[in-house]
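Here's the structure, in structure tokens; my notes come after.
Rule-based calculations on the coordinates, nothing more; no lab input. Just so we're clear, the structure is a prediction, and the values are computed from it rather than from any experiment. Note: ideal-geometry Cβ built from the backbone for every residue, glycine included; neighbour counts use all protein chains shown.
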Amino acid sequence: MTYFADVGALARKDLLLELRARDTLPAMLLFVVATFVVFHFSLPAHSSQLAASGLLWVAILFTALLGLGRAFVPEREQRVLDGLVLAPCDRSAIWLAKSIATLAFLGAAELVALPVFALFFHGIGAATVAGVVLADIGICAVGTFLGAMAVATRARDLLLPLLFLPLAIPIVVGGVGASVAGSPGRYLAFLALYDVLFGLLCWATFEYVVTE
Amino acid sequence: MIRARKVGKRFGDKRVLRGVDLDVARGAFAVVTGPNGSGKTTLLRLCAGLAVPSEGELEVDAPRAAVGYLAHEPLVYRELTALENLDLYGRLYRVPERRERIGMLLERFCLWDVRHDRVVSYSRGMTQRLALCRVLLHEPELLVLDEPYTALDTAGAELLDAQLAELHGERTVLVSTHDPDRVAQLATQQLALA
């Protein structure tokens with residue numbers, strides 16, 4: 001149980017930092033709403049629902065990227081990651097806590113974004129919501145892992161999207177499929193499988209990312 | 001507690017540490033000196049377990065939980081208060097009677113009155129004192145201190161002197177400094193890096 005106590009303490013710290021600094025969530029909210037406004041005016045009138053559904057996933061992915069890019073900023077600024085790495089807790093707890101915090105920010109942004117999308121484009125079904133939830137888990141698991149890798153490099157702002165976007169293609173495939181397919185079950189299963197596989201991979205290998 | 005044989009460290013093509021031999025017994029107080037760029041920080045990071053040597057052998061007979069590492073940076077979150085920072089580390093290190101221990105350290109390092117203030121509002125010296133609280137919080141067996149007197153005013157330096165004197169002989173201390181005279185009375189051995 002101490003593992004989950006460590007995860008709880010670290011995630012609480014990340015939420016507290018965001019509450020104080022307000023660096024990430026307002027930027028994500030502004031970005032996703034502005035993106036929908038741009039899409040609303042750039043899509044030709046009477047465009048298909050299929051096109052709009054695709055744009056929803058583009059917006060979610062890039063909004064997440066914005067949050068992921070800031071995930072390790074507090075640790076980078078004061079090199080606090082050294083302090084966390086030295087602590088006797090399992091190092092994967094750092095990844096899990098950061099993923100949970102990023103998931104909370106992304107979820108909060110989507111609580112606003114999805115109704116805005118429905119307002120501008122079309123209504124959102126339960127399958128799409130389920131797809132968004134499953135996709136968020138995969139995005140945050142993989143993105144946090146890659147964010148920790150990128151933060152150690154000088155080209156961190158460039159590296160994160162370069163590493164993340166190719167790995168997010170299956171999420172887009174699953175998400176769009178869940179949104180537009182007649183029977184979204186297999187796409188949701190695909191997203192769940194992605195979450196499990198990549199989640200386990202990130203959990204098991206995070207230690208090697210933050211140590212030499 | 002520390003045994004190093006021909007330890008070296010490279011970052012790419014750049015060699016930052018070469019052929020260091022060091023034996024630090026349990027309870028010893030070892031002082032590392034040397035000019036800027038001589039590899040003091042790298043050696044201390046190796047001993048703290050934050051890096052691995054590129055060559056040679058290094059054995060540190062202390063688990064992660066028993067190492068207290070003071071870096072150039074304070075390793076605390078600027079947007080959190082002193083209390084919140086120490087509470088986080090106290091939880092991660094599973095410090096028994098955490099709140100009492102934190103309170104005692106904050107009082108000793110004269111930070112009790114500002115414990116609810118965010119670290120971003122602290123002076124460099126106050127932040128260094130908080131960093132020392134962080135290092136001492138879990139009562140580590142091995143203290144690895146990288147230029148601990150940096151930014152401390154006279155009162156802060158005297159507090160650190162008293163703390164180190166109290167720990168002398170009980171804990172193993174590896175300290176790098178540009179002012180070896182400051183810890184000369186406590187030092188049991190010295191390593192000069194070129």
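Taking the Cα-to-Cβ direction at B:R18 and at A:A21 and moving 7 Å from each Cα, how far apart do the two end points lie in nm?
Distance between label points: 4.0 nm.
Can you give me the convex hull volume of the Cα atoms of chain B, divided per residue and expressed in Å³? Can you show the working numbers first?
Values: hull volume 22.7 nm³, N = 194.
Convex hull of Cα atoms, per residue: 117 Å³.
Please compute the net charge surrounding B:T177, taking Lys and Arg as +1 and Asp and Glu as -1 over other residues with Cβ under 15 Å from its Cβ. Don't skip to the end; give the middle numbers.
Details: positive: B:K40, B:R182; negative: B:D146, B:E147, B:D161, B:D179, B:D181.
Cβ neighbours under 15 Å give a net charge of -3.
Would you work out which of A:L10, A:F39, A:F145 lies farthest towards the positive end of the dipole of segment A:2-210, given +1 charges on the beta-carbon of Lys and Arg and -1 on that of Asp and Glu, about the Cα centre?
Working it through, the farthest residue towards the positive pole turns out to be A:F39.
Run the numbers on chain A and let me know its relative contact order in percent, using alpha-carbon pairs under 8 Å that are six or more apart. Could you put the intermediate results ahead of the total?
Numbers: 216 pairs, mean separation 58.0, N = 212.
Worked out over chain A, it gives 27 percent.
Grab the other residues whose beta carbon is less than 10 angstrom from that of A:G69, score K and R as +1, D and E as -1, and report the net.
Spelling it out: positives minus negatives among the neighbours equals +1.
Using the alpha-carbon centroid of each, what span in Å lies between segment B:15-52 and segment A:144-175?
Answer, in whole Å: 35.
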